[in-house]
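To start, the structure under review is shown below, and the notes come after it.
The values are calculated or read from the model by the stated rules, or taken from the named source; none is laboratory data. Fair warning: this is a prediction, and the values are worked out from it, not measured in the lab. For neighbour counting, all protein chains shown are included, and Cβ atoms are generated from backbone atoms with ideal geometry for every residue, glycine included. Heads up: the accessible areas ignore ligands, DNA and RNA and are worked out on the full protein's heavy atoms, side chains in. Shrake-Rupley method; radii C 1.70, N 1.55, O 1.52, S 1.80 Å.
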Amino acid sequence: QDIIVVAHGQANDPFWSVVKNGVEKAAEHTGVSVDFRSPETFDMVAMSQLIDAAVNQEPDGLVVSIPDADALGPSIERAVAAGIPVISMNSGSDVAAELGALLHVGQSEYDAGVAAGEKLAAMGGSKGICVNQEVGNVSLDLRCQGFADGFGQEVSVIPTQNDPTEVQAKVRAALEADEDVDTVLGLGASLVGEPAVAAVEALGRNDVLIASFDLSAGFLEAVSEGKASFAIDQQQFLQGYLPVVFLAMNAEYGLVPGGDVPSGPNLVTQDAAGLVIELSAQGIR
Amino acid sequence: MTNPIIHMEGIKKHFGNVIALNGVTFDVFPGECHCLLGDNGAGKSTFIKTMSGVHKPTAGTINFEGKPLSFNSPRDAMEAGIATVFQDLAMIPLMSVTRNFFMGREPTKGRGILKRFDIDAANEICVEKMRDMGINLRAPDQAVGTLSGGERQTVAIARAVHFGAKVLILDEPTSALGVRQTSNVLSTIARVREQGVGVVFISHNVRHAMAVGDRFTVLNRGQTLGTASKGNITPAELQDLMAGGQELATLEGSLGGTV
Amino acid sequence: MTNPIIHMEGIKKHFGNVIALNGVTFDVFPGECHCLLGDNGAGKSTFIKTMSGVHKPTAGTINFEGKPLSFNSPRDAMEAGIATVFQDLAMIPLMSVTRNFFMGREPTKGRGILKRFDIDAANEICVEKMRDMGINLRAPDQAVGTLSGGERQTVAIARAVHFGAKVLILDEPTSALGVRQTSNVLSTIARVREQGVGVVFISHNVRHAMAVGDRFTVLNRGQTLGTASKGNITPAELQDLMAGGQELATLEGSLGGTV
Amino acid sequence: MLAKANPGIDERIKSEPFMTRLMKRPELGAIGGVILVTIFFMITADSAMFTLSGIMNFMTPAAQLGILGIAAAMLMIGGEFDLSIGSMVAFAGMIFGVFTVNVGLPLIFAIPLTLAFAASIGAVNGMIVIRTGLPSFIVTLASLFILRGASLVGLKLFTDGSTQLRGVRDAVENDFLTPIFSGEAFGFVFRKLADIGVLETFKSGLPKVPGVPVEILWFIAFALVATYILLRTSAGNWIFATGGDSNAAQNSGVPVRRVKISLFMVTAMAAALVAIITVIDAGSTDARRGFMKEFEAIITAVIGGCLLTGGYGSAIGAFFGAIIFGMVTIGLTYTDFDQDWFQVFLGGMLLIAVVFNNAIRKRVTGER
Amino acid sequence: MLAKANPGIDERIKSEPFMTRLMKRPELGAIGGVILVTIFFMITADSAMFTLSGIMNFMTPAAQLGILGIAAAMLMIGGEFDLSIGSMVAFAGMIFGVFTVNVGLPLIFAIPLTLAFAASIGAVNGMIVIRTGLPSFIVTLASLFILRGASLVGLKLFTDGSTQLRGVRDAVENDFLTPIFSGEAFGFVFRKLADIGVLETFKSGLPKVPGVPVEILWFIAFALVATYILLRTSAGNWIFATGGDSNAAQNSGVPVRRVKISLFMVTAMAAALVAIITVIDAGSTDARRGFMKEFEAIITAVIGGCLLTGGYGSAIGAFFGAIIFGMVTIGLTYTDFDQDWFQVFLGGMLLIAVVFNNAIRKRVTGER
Ligand SMILES: Nc1ncnc2c1ncn2[C@@H]1O[C@H](COP(=O)(O)OP(=O)(O)OP(=O)(O)O)[C@@H](O)[C@H]1O
Ligand SMILES: Nc1ncnc2c1ncn2[C@@H]1O[C@H](COP(=O)(O)OP(=O)(O)OP(=O)(O)O)[C@@H](O)[C@H]1O
Ligand SMILES: [Mg+2]
Ligand SMILES: [Mg+2]
């Protein structure tokens, strides 16, 4: 049996490499052969072409993430029309059923952002920044939007590039430029979370709340040491693992769960962090 | 005599802090060959570049057919009927001989959006004009960069002669040419002059200048040393002027009178 | 006579389907000036490029000081003592005169990691050598691209003379030079020849060739027409050979015997 | 007259087989790479890659990239770069989305307006390059950032805060121009062929390939027009001359400024065309559209034999370059290689294809 | 002798004020941009930007970028590009991480080995460029993909599946070489100054700025060495000659191949140096390090006045180019502008800075 996964994040993105590890684990456990594919950058046009390519191979199941239903819809519908069972994961919970996917495994990015915002507001944050390393990537933009809505206070978005040194300098600049900022939310743990911790340390401020989406061992260490507040885990390993298992079951026995599976959000705080570090270092969380 | 085609008065040209021309006056009449002579670095090329629209003079006026004129680009000068062989030839090494020959003034056929470069006609003209100058091209689509130095220079001359309607400016056109090609070029100059074209001819070779020139203007260190007509000056006098009045190195072998 | 410094036998050179040289034999003895003459496109430049390591011959052998040798790069040839003035001069327009002069063979001072380009000494030598050739440089750090054609050529010649230890190859060195500079170059050739250097001199000017040449080899369409020694051939005969035996265009003005 | 143009046989020319003469053309060098890559995937990839639908599948991205690549090639031949191509795709997409969705213009107005808008930005790029004398690399780099940023700001403005503008498909669905810019052409032929069983069908009876994606037709048309312009018109001669040595070209009477500005405009319009096609196809646009496409377009042109220094290259070369790039990127997904190795293979294949092109060209042209 | 080298006054030269002569140097043109950008931020940005700690803050990324930019500038002067710089940062970081963490080598071995590794890859790049005669753009593009992919594969291999390799800081913490490659230098001076109240301190009494980040020192040192090499050694002359016209240089006896290969090696080693510094500083490395840095390095060199066609430019120019770029990217965070406009500002500021440089240079050198 062949199953193809088409995701919008790259294999070298720490977040997506965990998804990919989940996919591989599932392949190992179920014995199906699985292919993980993604476009070179966040590119919806290229991604729809990858889905088309997958459909041409007529696999026994297709797993896709749907960050842009308009752009990917026709390709997914074509897969469904070709009789290929489709499960969506990560993003697209609202449109999955409409497009003909069997079910969705993931979390709503927006809801996760809201959850983080509410928690940070409850911890006493009063003015926040949302550090976005890939402005224009809709799922990341949604996280910031959710954060702003959940936080309920003033939030500004700091766009950065993919370079930890630059992120650190920018976070530091933002904190220096406006002393009132006391809450930092990063959209990636290793790329933003860790440099943000370093920036706050360098400034000698201990009143700043830091939280980050996704996990990295370094950031979890900071959480467990109390330098950062929490990490938002959507357990993306499951987003890779479960759909493959479901599709394998479906192909073999026609078994499929009856509804969407929420894989997160799951806030990892100080007490839990220590346990997660090892798993994170192995690319499982 | 009629009026000059071009009359240039008090031309100065500075490059940053370098003074290349410091007030040069010069004119060309139709049907004459006016030689511009002078030592290396005297400013001859700079001067003819202001004449053909490449440089804008820092000071001075240009009259073309009696009207004050300032060329904004070489294309303007060309459209006014001035064709130039530059010392660096202004050729594109990667392009074919024909394409270089017609660069900027391609013959076309067809009309409307079907108006296109008439390559066949262009090749034919090009091969023919080159043969007139004494070069048998292997193929008109050979890249200019692979031509020999003299072949390349011949392309530039043939091009200028082909397009030189009123004034033909030649900056050391024979420097890389063989004896046969040189005599062809000199006889070509004589021919176009007879057709009423004004020719400006730069050379370091006194014999070539004397052979075709009607008047001789000598530049030295950015300034005019004076103008003489044919017959009023001997080759030896001219040579002395060109060398800036300085002594020539003596050679144990004999160079005869003129280099 | 002693043995030749360079002896080249049956050199052929093909560029794709173009046959540039079709079996040329040539040698240079120490202390002689061997002129290489011929029509445009005859293959002179191609030939001396195989001599100075730029091209690898398609067929044929090169003997240098009696030993068969094949230069892998111009640097090899240079280290063997061959210096060349190429027809395209091999200058970098954006670099200063001094830097071009010493390109590849910079004088250094200091030692170890402090070994550095001795700019002051280089500038001094450069200005001096240029003055010897009759060019007063404004400043040795002027970019070569802003020099006049003749000034640029003089840099290339002064450089080759400065570094030409055993053989000096000059490909049309006087083409852009003024009368004063030309006579300087010719007398320089005479001088280095006396010091035992072998000179290969390419020219289209019969008078220049006759003035300094000891032997004359004429190429035509990639093949040798023959070699003559000084005294065995008149300028008029030589000129006929150089034109490939073809008629010269006649000029209404008189060009005298030789172009 | 004819005898003069062919002056008989010259003993200094070896005769040359027809194939050799053919292979000397820069545009044909890139074919070698296409053949090599095809053979590679024939062996390693799933057979689905070279079915009709598989070919359409890799030709679609190749076509979109190729339209940009051909424009970039023309500009490179003219001696300049445009790094704002990718951002222009996003920006023109945003403009087009606003025209169709927010303003509600029909395509007959929206498309020319979008193209004109893009062309005017291209002209500004060109004008700045010419006026300041700065390298186009740095000028269009600034445009890269400015247009990318403007797309983000514009999208947020017109969608009340989202970075994605949706609903384009609904807005243009019934427009008579839509079939020219989106979907598949010649659908009726393909349905006919499917009916008589020549084409494979899905279970539903529809042909697996509903037609030829219009971008492929645009791609081919653009390659032909560009080749015609470059090789057969005065403008083409001016482009080569300008890129070969803009000083010499200017001195020979080529209107160098006009040529450069026109090329910048063409490049911008090519980006706008790709934006229009992809936005209608996808039905939406976002701030990251066309990301890194400027880079890929230049790669395409270079694979196709363009020199970065200008004055040399061909549109047909870029055409094949785009196909090579499209085949390699999509083709690797048809193979069993692990995605982790994707980039290693991509790099390796590109290098091999280009080295191969080059080796063939060198072999047939003799040494330089 | 001296009189000969200065042959008195030439009537064909206007006298030139000292300032004009100074401004003609390409390396000094970029200073204009730095001053302009500084004035801009003085007016618009929070005063925190130009405190000592603020300056260190934007100089740190500028320094890291600048080390790459200076190397890229030298390579560009030599007429070639290296697009694999960014991937090399990731790859060398991975190699270095493996040497220190997995193999457990001390820095005295790990650093030279990493540099040697990088240099050998650079040499391979150079060799391919020279052997095949392909443009370095396309060859190093292949390296870009290959090294990026290899970093991912390598990291997963050495960490059992993660894309991040951690524990470097722990592994090298007590190494005597660590202070040279990470953290801050001159800490004792700063503590002294804080004690006597010259520097601001935290409540704990420690100075707010603990020292000069070592990358800044490396950056300055590299700029000086590169300038010395370019302007004062034979090698520098060869680099300019090779880039100006490699054919003419070769014919004049410059060992063109050796020069090019050495430059590729230097570029790769600069990338490895940045990798070592950032990996020790961050304590970890991941597969995305150095993403797009090749691009920024080239931008830096071009802002600093390098020509893309080679043969012209300076290391000091790239030095100031990196500072301009660093100031603009970080500086906007200190201002009140809406951050959505970030890229628009970045593009605009770059353009203005470069146009300004250029205008100054043109003004003082007269028309060309
Ligand atoms: N762009 C420039 N910048 C600075 N100096 C220049 C520039 N162009 C020319 N010059 C200087 O102006 C002087 C005149 O140069 P020009 O080329 O006109 O001489 P020329 O009379 O043509 O000499 P030749 O006979 O050697 O060709 C030269 O000394 C040259 O160095
Ligand atoms: N790289 C090349 N590719 C193709 N043909 C070439 C190449 N180089 C030279 N040729 C051809 O070889 C012939 C000989 O050229 P070469 O430059 O040696 O002539 P030359 O004797 O130096 O002429 P001139 O006196 O004009 O300088 C020419 O016809 C030229 O077109
Ligand atoms: Mg001149
Ligand atoms: Mg020659």
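Need pairs with beta-carbon distance below 8 Å; first residue touching a residue at least 40 places away in the same chain (Cβ under 8 Å) and under 22 Å from residue C:118 (Cα atoms) and within segment C:129-146, second within 16 Å of ligand 3 (Cβ to nearest atom) and basic (Lys, Arg); sequence gap 6+ or separate chains.
These pairs meet every condition: C:144/C:152.
Would you say residue A:134 is under 21 Å from residue E:288 (Cβ atoms), modelled with pLDDT under 90 and crowded, with 23+ Cβ neighbours inside 10 Å? Spell out how you get there, then give the answer.
Working: under 21 Å from residue E:288 (Cβ atoms): yes; modelled with pLDDT under 90: yes; crowded, with 23+ Cβ neighbours inside 10 Å: no.
So residue A:134 fails the test.
Which residue out of B:152, B:191, B:138 is within 11 Å of chain C (Cβ to nearest Cβ), over 20 Å from residue C:37 (Cα atoms) and within 13 Å of ligand 2 (Cβ to nearest atom)?
On the way: B:152 fails: over 20 Å from residue C:37 (Cα atoms); B:191 fails: within 13 Å of ligand 2 (Cβ to nearest atom).
From the options B:152, B:191, B:138, the qualifying one is B:138.
Would you confirm, using the coordinates I've provided, whether residue E:114 is in contact (Cβ under 8 Å) with a residue 60 or more places away in the chain, surrounded by fewer than 24 Cβ atoms within 10 Å (Cβ to Cβ), more than 14 Å from every other protein chain (Cβ to nearest Cβ) and touching a helix residue (DSSP H, G or I) at 6+ places or on another chain (Cβ under 8 Å)?
Numbers: in contact (Cβ under 8 Å) with a residue 60 or more places away in the chain: yes; surrounded by fewer than 24 Cβ atoms within 10 Å (Cβ to Cβ): no; more than 14 Å from every other protein chain (Cβ to nearest Cβ): yes; touching a helix residue (DSSP H, G or I) at 6+ places or on another chain (Cβ under 8 Å): yes.
The answer is no for residue E:114.
Of all helices (runs of 4 or more DSSP H) completely enclosed by segment A:101-189, which ones contain at least 1 residues that are closer than 29 Å to residue A:73 by Cα? Reasoning before the result, please.
Values: elements: A:109-122, A:138-151, A:164-177.
Because the criterion is at least 1 residues that are closer than 29 Å to residue A:73 by Cα, the helices (runs of 4 or more DSSP H) in segment A:101-189 that meet it are A:109-122, A:138-151.
Among the candidates D:129, D:124, which residue alone is within 14 Å of chain E (Cβ to nearest Cβ), in a helix (DSSP H, G or I) and without any contact (Cβ under 8 Å) to a residue 40 or more places away in the chain?
Values: D:129 fails: without any contact (Cβ under 8 Å) to a residue 40 or more places away in the chain.
Being within 14 Å of chain E (Cβ to nearest Cβ), in a helix (DSSP H, G or I) and without any contact (Cβ under 8 Å) to a residue 40 or more places away in the chain holds for just one of D:129, D:124, which is D:124.
Conditions (1) open to solvent by 30 Å² or more (accessible area, probe 1.4 Å); (2) within 16 Å of ligand 3 (Cβ to nearest atom); (3) more than 13 Å from chain C (Cβ to nearest Cβ), marked per residue:
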residue	(1), (2), (3)
B:13	no, yes, no
B:24	no, yes, yes
B:28	no, no, yes
B:33	no, no, no
B:36	no, yes, no
B:39	no, yes, no
B:43	no, yes, no
B:49	yes, yes, no
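Out of all the residues in segment E:125-144, which are surrounded by fewer than 24 Cβ atoms within 10 Å (Cβ to Cβ), on the phi < 0 side of the Ramachandran plot and not aliphatic (A, V, I, L, M)?
E:131, E:132, E:135, E:137
For segment B:21-48, what are the residues that are within 15 Å of ligand 1 (Cβ to nearest atom) and under 24 Å from residue B:78 (Cα atoms)?
Listed by number, the residues that qualify are B:21, B:24, B:26, B:35, B:36, B:37, B:43, B:44, B:45, B:46, B:47, B:48.
Looking for whichever is within 20 Å of the chain's Cα centre (by Cα) and either open to solvent by 10 Å² or more (accessible area, probe 1.4 Å) or closer than 24 Å to residue D:97 by Cβ (or both) here; the options are D:287, D:297. Which one fits? Please lay out each step first, then the result.
Values: D:287 fails: within 20 Å of the chain's Cα centre (by Cα).
Result: D:297 is the single residue among D:287, D:297 that is within 20 Å of the chain's Cα centre (by Cα) and either open to solvent by 10 Å² or more (accessible area, probe 1.4 Å) or closer than 24 Å to residue D:97 by Cβ (or both).
For the structure I just gave you, tell me whether residue B:157 is within 26 Å of residue B:24 (Cβ to Cβ) and either among the hydroxyl-bearing types (Ser, Thr, Tyr) or touching a residue at least 12 places away in the same chain (Cβ under 8 Å) (or both). First the steps, then the outcome.
Details: within 26 Å of residue B:24 (Cβ to Cβ): yes; either among the hydroxyl-bearing types (Ser, Thr, Tyr) or touching a residue at least 12 places away in the same chain (Cβ under 8 Å) (or both): yes.
Spelling it out, residue B:157 is indeed within 26 Å of residue B:24 (Cβ to Cβ) and either among the hydroxyl-bearing types (Ser, Thr, Tyr) or touching a residue at least 12 places away in the same chain (Cβ under 8 Å) (or both).
Please pick out the residue among B:102, B:86, B:71 that is modelled with pLDDT of 90 or more, within 30 Å of residue B:11 (Cβ to Cβ) and either away from ligand 4 (no atom under 16 Å from the Cβ) or more than 14 Å from chain C (Cβ to nearest Cβ) (or both).
On the way: B:102 fails: within 30 Å of residue B:11 (Cβ to Cβ); B:71 fails: modelled with pLDDT of 90 or more.
Checking each option against the conditions leaves just B:86.
Which one of the conditions (1) under 21 Å from the mean Cα position of the chain (by Cα); (2) crowded, with 22+ Cβ neighbours inside 10 Å does residue A:25 fail to meet, given that it meets all the rest?
(2)
Quick check: is even one residue across segment A:203-225 touching a Leu at 6+ places or on another chain (Cβ under 9 Å), open to solvent by 10 Å² or more (accessible area, probe 1.4 Å), assigned to a loop (DSSP other than H, G, I, E, B) and within 10 Å of chain E (Cβ to nearest Cβ)?
Taking every residue of segment A:203-225 in turn, at least one turns out to be touching a Leu at 6+ places or on another chain (Cβ under 9 Å), open to solvent by 10 Å² or more (accessible area, probe 1.4 Å), assigned to a loop (DSSP other than H, G, I, E, B) and within 10 Å of chain E (Cβ to nearest Cβ).
For every residue, the table says whether it meets (1) modelled with pLDDT of 85 or more; (2) among the aliphatic types (A, V, I, L, M).
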site: E:124; (1), (2): yes, yes
site: E:128; (1), (2): yes, yes
site: E:135; (1), (2): yes, no
site: E:142; (1), (2): yes, yes
site: E:185; (1), (2): no, yes
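Output the qualifying pairs, or none if there are none: Cβ atoms under 6 angstrom, residues six or more apart or on different chains, first residue in segment C:42-66 and within 23 Å of residue E:255 (Cβ to Cβ), second residue open to solvent by 20 Å² or more (accessible area, probe 1.4 Å) and in a helix (DSSP H, G or I).
Taking only residues 6 or more apart or on different chains, the pairs are C:53/C:76; C:55/C:49.
Of the residues that sit in segment C:76-127 and are open to solvent by less than 10 Å² (accessible area, probe 1.4 Å) and over 25 Å from residue E:312 (Cα atoms), which one is nearest to ligand 3 (Cβ to nearest atom)?
Looking at the filtered set, the residue picked out is C:83.
Got at least one residue in segment B:59-75 being in a helix (DSSP H, G or I) and surrounded by 20 or more Cβ atoms within 10 Å (Cβ to Cβ)? Full working, then the answer.
First, pick out the residues of segment B:59-75 that are in a helix (DSSP H, G or I): B:74-75.
Now narrow it down to the ones that are surrounded by 20 or more Cβ atoms within 10 Å (Cβ to Cβ): B:74-75.
Yes, some residue in segment B:59-75 is in a helix (DSSP H, G or I) and surrounded by 20 or more Cβ atoms within 10 Å (Cβ to Cβ).
Restricting attention to segment E:149-156, does a residue exist that is in contact with a helix residue (DSSP H, G or I) (Cβ under 9 Å, 6 or more places away or on another chain) and at pLDDT below 85? It would help to see each step written out before you state the result.
Just the residues of segment E:149-156 that are in contact with a helix residue (DSSP H, G or I) (Cβ under 9 Å, 6 or more places away or on another chain), to begin with: E:149-156.
Cutting the leftovers down to at pLDDT below 85 gives us none.
No, segment E:149-156 contains no residue that is in contact with a helix residue (DSSP H, G or I) (Cβ under 9 Å, 6 or more places away or on another chain) and at pLDDT below 85.
So which residues in segment A:51-79 are at the interface with another protein chain (Cβ under 7 Å from one of its Cβ atoms), open to solvent by 10 Å² or more (accessible area, probe 1.4 Å) and in contact (Cβ under 8 Å) with a residue 40 or more places away in the chain?
A:57
Consider only pairs whose beta carbons are under 6 Å apart and that are at least six residues apart or on different chains; among these, list those whose first residue lies in segment C:171-183 and is at pLDDT 85 or above and part of a loop (DSSP other than H, G, I, E, B) and whose second residue is acidic (Asp, Glu) and surrounded by 24 or more Cβ atoms within 10 Å (Cβ to Cβ).
Hits for this filter: C:178/B:39.
Can you tell me which of (1) open to solvent by less than 10 Å² (accessible area, probe 1.4 Å); (2) closer than 24 Å to residue A:237 by Cα; (3) modelled with pLDDT of 85 or more; (4) more than 13 Å from chain D (Cβ to nearest Cβ) is the one residue A:114 doesn't meet?
Just one mismatch for residue A:114, condition (1).
Quick one: count up the residues across segment A:151-170 that are over 21 Å from residue D:153 (Cβ atoms) and buried (at least 22 other Cβ atoms within 10 Å of the Cβ). Break it down stepwise before answering.
Of segment A:151-170, the ones over 21 Å from residue D:153 (Cβ atoms) are A:151-153, A:162-169.
Of the ones still in play, those that are also buried (at least 22 other Cβ atoms within 10 Å of the Cβ) are A:151, A:163-169.
Looking only at that region, the number is 8.
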